[in-house]
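The values are calculated or read from the model by the stated rules, or taken from the named source; none is laboratory data. Quick caveat, the model's predicted, so the values are computed rather than measured. Here the Cβ positions follow ideal geometry from the backbone for every residue, glycine too, while neighbour counts run over all protein chains shown. Note: areas computed on protein heavy atoms with side chains; ligands, DNA, RNA excluded. Shrake-Rupley method; radii C 1.70, N 1.55, O 1.52, S 1.80 Å.
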Amino acid sequence: DAEQPTLNPTSATAQNLERAAELLRKHTAPVAFPTETVYGLGAAATSTAAVRQIFAAKQRPSDNPLIVHVSSVAQLRRVLGIEVPQIYRRLVDKFWPGPLTIILPLPRGTVVSPACTPGQTTVGVRMPAHPVARALIAISDTPLAAPSANASTKPSPTTAAHVLADMAGRIPLVLDGGSCSVGVESTVVDGTVRPPAVLRPGGVSVEMIREVGGEEWKDVVVGKSEAGKHESVRTPGMKYRHYSPRARVIVFVGAGEGGRVVKEYLERTESSEVAVLTSKLFETSGWDDSTRSRIKTIRSLGTTGADIARNLFAGLRDADEELQAENSDNSKAVILVEGVSDDDEGAAIMNRLRKAASEIYEDGEWTVKESS
Ligand code: TXA
Ligand code: MG
């Protein structure tokens, strides 16, 4: 689009793919691209200068390692000199390309830039399934270090428009590949430790990993989904504020009869600008006017785990926009989001929601979170 010279929300044509590949090969600037999980912000994983540009554009803390994306196992071996260890064989056969990141020991004399793996002896690698991601990596012949393409602390982007909202003026190009089909980030698994661990729940469920991974993965440990700011965790990214729109996020697991839980929350707080993201819509017509009128929007994220995962980040961003449009006093804006049970896709959803939430209603009790 010639009218927007600084940031071009281009579609993923062959010509634009080549342009993006050229920016990546020359280490000119990071490029945003679609994956099946969320949009990534990529740069050549072998170039420290290029990788630093990612941290700058996102304003990401520099001690948080990046996942390296490859287009094939052959490229992983040929360009980075990395073999897939035996323990991952079944998982990789089943879930690559796809939303699974594996942690590997960094080989001696590695060409992976240390900026991708600050302070780590390991590197996280993933082969994305999205055809645009695969094509971009293959055409540039450059494994890409790529975090999610949001500004640090914001919900991850699942459309090119989300990337533009955060990155306008910071990067030259977004390849538009439509909405992401998975909607939450990859599952990060660590098979370098015994028992192996899930460091971040994501697009592949823990149940699937146990079922498919082979004998060692039957006892997989699911890493803590949360850690205090000063706690050391094996996935450094987990300690930072995350997935936060501007409005406060309040999570409720189960709305109760007729949205009772939501109604009670509104009655005991002053939040004046409220968005509700729920699974099954409930009727508010019987509520008293002063409570009901504070709800600016009420929407369903879907009913299946897969739907909720796909719609979650977009739902948070859209609700935030809507509240922002009406409201100058941001401190009273609240997004109430319905949580789910922690099984299957639910684990990834609840991991994101717990991080975003400043208060959560679960098992009949409200808990205030201190860090938000
Ligand atoms: O689906 C995804 O994984 C997306 C798309 C773009 O591929 N990427 C993504 O990257 O979510 P990012 O940077 O937002 O999250 C990477 C997570 C962080 O929590 C980071 O700490 C962890 O993976 N990680 C990366 N390398 C690691 C390593 N060597 N050891 C432990 N954790 C690692
Ligand atoms: Mg991220």
Accessible-area order for 242, 27, largest to smallest, probe 1.4 angstrom, reads 27, 242
Tail weight of P(r) past 22 Å, computed on alpha-carbon pairs of the stretch 1-145, percent: 36 percent
Percent of alpha carbon pairs in the stretch 72-180 separated by more than 25 Å? 28 percent
Any idea of residue 153's accessible area? Nearest 10 Å², probe 1.4 Å. 50 Å²
Taking all protein chains as present, what is the carbon and sulfur share of the accessible area of the chain, in % to the nearest whole number, probe 1.4 Å? 49 percent
Have a look at the DSSP beta bridges in the chain and tell me what percent are antiparallel, nearest 5. 40 percent
Let me know the Rg and Dmax you get for the stretch 246-335 when you use only its Cα atoms, in Å. 12.6, 35
Roughly how far apart, in whole Å, are the Cα centres of the stretch 165-198 and the stretch 34-110? 10 Å
Helical mean residue ellipticity (222 nm; -39500 (n - 2.57) per DSSP H run of 4+; nearest 500) of the chain: -8500 deg cm²/dmol
Report Rg/Rh for the chain, rounded to two decimals, where Rg is the Cα radius of gyration and Rh the Kirkwood radius. 0.98
Whole number in Å², please: accessible area per residue of the stretch 53-162, 1.4 Å probe, ligands, DNA and RNA not counted. 37 Å²
Give me the percent relative contact order of the chain, please, defined on Cα pairs under 8 angstrom at least 6 residues apart. 18 percent
Go ahead and run the numbers for FRET between residue 332 and residue 367, Cβ-Cβ distance against an R0 of 22 Å, rounding to 0.05. 0.55
In the stretch 149-176, which residues have a backbone nitrogen under 15 Å from the label point lying 7 Å from residue 26's Cα in the Cα-to-Cβ direction? 172-173
Counting only protein heavy atoms and leaving out ligands, DNA and RNA, the solvent-accessible surface of residue 343 at a 1.4 Å probe, in Å² to the nearest 10, equals 90 Å²
For the stretch 282-372, run through the chymotrypsin sites (Phe, Trp or Tyr not before Pro) and keep only the ones in DSSP coil with at most 10 other Cβ atoms within 10 Å of their Cβ. none
